[in-house]
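Novice: If you scroll down you'll find the structure; I have some questions about it.
The values are calculated or read from the model by the stated rules, or taken from the named source; none is laboratory data. Only a predicted model underlies this, so the values are computations on that prediction, with no experimental measurement involved. Here the Cβ positions follow ideal geometry from the backbone for every residue, glycine too, while neighbour counts run over all protein chains shown. What goes into the accessible areas is simple: the full protein's heavy atoms, side chains included, and nothing from ligands, DNA or RNA. Shrake-Rupley method; radii C 1.70, N 1.55, O 1.52, S 1.80 Å.
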Amino acid sequence: MSEMKIPKHVAIILDGNGRWAKRRGLPRKLGHKAGCEALEQIVEDAARLGIKVLSIYAFSTENWKRTQDEVSALMQLFRYYIPRLRKRCFEGDIKVETIGDMSLFDEDLIRGIDDLKRDTKDFKRMTFVLGLNYGSRDEIRRAAVKLAEKVKAGELEPEAITEEMISQSLDTAVLEYPDPDLLIRTSGEQRLSNFMLWQNAYAEMYFPELLWPDFKKADLVKAVEVYNSRDRRYGGRNEADNG
Ligand code: IPE
Ligand code: IPE
Ligand code: MG
């Protein structure tokens, strides 16, 4: 355990809340509630493990397609979760950031989350990033608009646009480690569903079969162990290959 390399940025697509509830004959919203409880614990576990950035896909730009009942249950849950998260962050020296376009959320929710971000901005142990109305294509589109505005204003030549400038125009630019080292998606699904398409270019991916509400610290440790067994080459040569 002590020699384990801890990934700096771990991203999680928490999936399977609905199926967790269905298996128990419960309404989907109770699956989301159980998912929130699992998340609260994992935030603390991740900070204890020494992870520096933990990002969570909480609500996607496509999730508005769900029933109104489910969407409003999720919004209610976010409301309920903010004060609990505040407590965790103050106890655990954890800073909150968000990615995504929150402007579509209700004003009180936006205010609650903005206050939480402001009040935790000096905390250092870990940054907890919530993807809220986040979609990677929307994020890239917004970045393109920012850069196009600069070109239009005569501040930038189109040919001068670098990969770094694109990274700097994404929502994740505020993070100390913007690109995930390890991406976990629970519930056995093996797809990105529009999560950090640019940032996950070289992430190691891990897809446990567990449904999100069942994901515990031991599963996070297992994910880190799997990460340690991977050989990250970034398109270069295998280190073990001396030939
Ligand atoms: C993930 O669980 C939580 C959100 C997308 C908000 P799901 O609600 O997608 O659960 P399944 O995939 O239906 O089981
Ligand atoms: C991805 O899960 C979005 C979040 C976890 C917030 P979904 O359950 O919405 O994705 P699909 O529909 O299975 O691709
Ligand atoms: Mg799902």
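Novice: Could you give me the percent of Cα pairs per 10 Å distance bin for segment 1-90, shortest bin first, beginning at zero and ending with the bin that holds the maximum distance?
Specialist: 14, 43, 30, 11, 1
Novice: Once you put a point 7 Å from the Cα of Ile110 and another 7 Å from the Cα of Met75, both along the Cβ direction, what distance in nm separates them?
Specialist: Each label point is offset 7 Å from its Cα along the Cβ direction, giving 1.3 nm.
Novice: Here is a further query. Just grab the label-to-label distance for Arg86 and Arg125, each label 7 Å out from Cα along the Cβ direction, in nm (one decimal).
Specialist: Modelled inter-label distance: 1.9 nm.
Novice: Which three semi-axes in whole Å describe the equivalent ellipsoid of the chain, each the square root of 5 times a Cα gyration tensor eigenvalue, listed largest first? Intermediate values should be presented prior to the final figure.
Specialist: On the way: eigenvalues 154, 128, 66 Å².
Taking √(5λ) for each eigenvalue gives 28, 25, 18 Å, largest first.
Novice: Same structure, new question: Per residue, how much accessible surface does segment 65-159 expose to a 1.4 Å probe? Answer in Å², no decimals.
Specialist: Per-residue value: 58 Å².
Novice: Among Val145, Val96, Val43, whose mean-square fluctuation peaks in a Gaussian network model of the chain (Cα, cutoff 10 Å)?
Specialist: Judging by the Gaussian network model, the answer is Val145.
Novice: Using a 1.4 angstrom probe on heavy atoms only, work out the carbon and sulfur share of the accessible area of the chain in %. It would help to have the intermediate numbers written out before the result.
Specialist: Details: 6430 of 12870 Å².
Its accessible area is 50 percent carbon and sulfur atoms.
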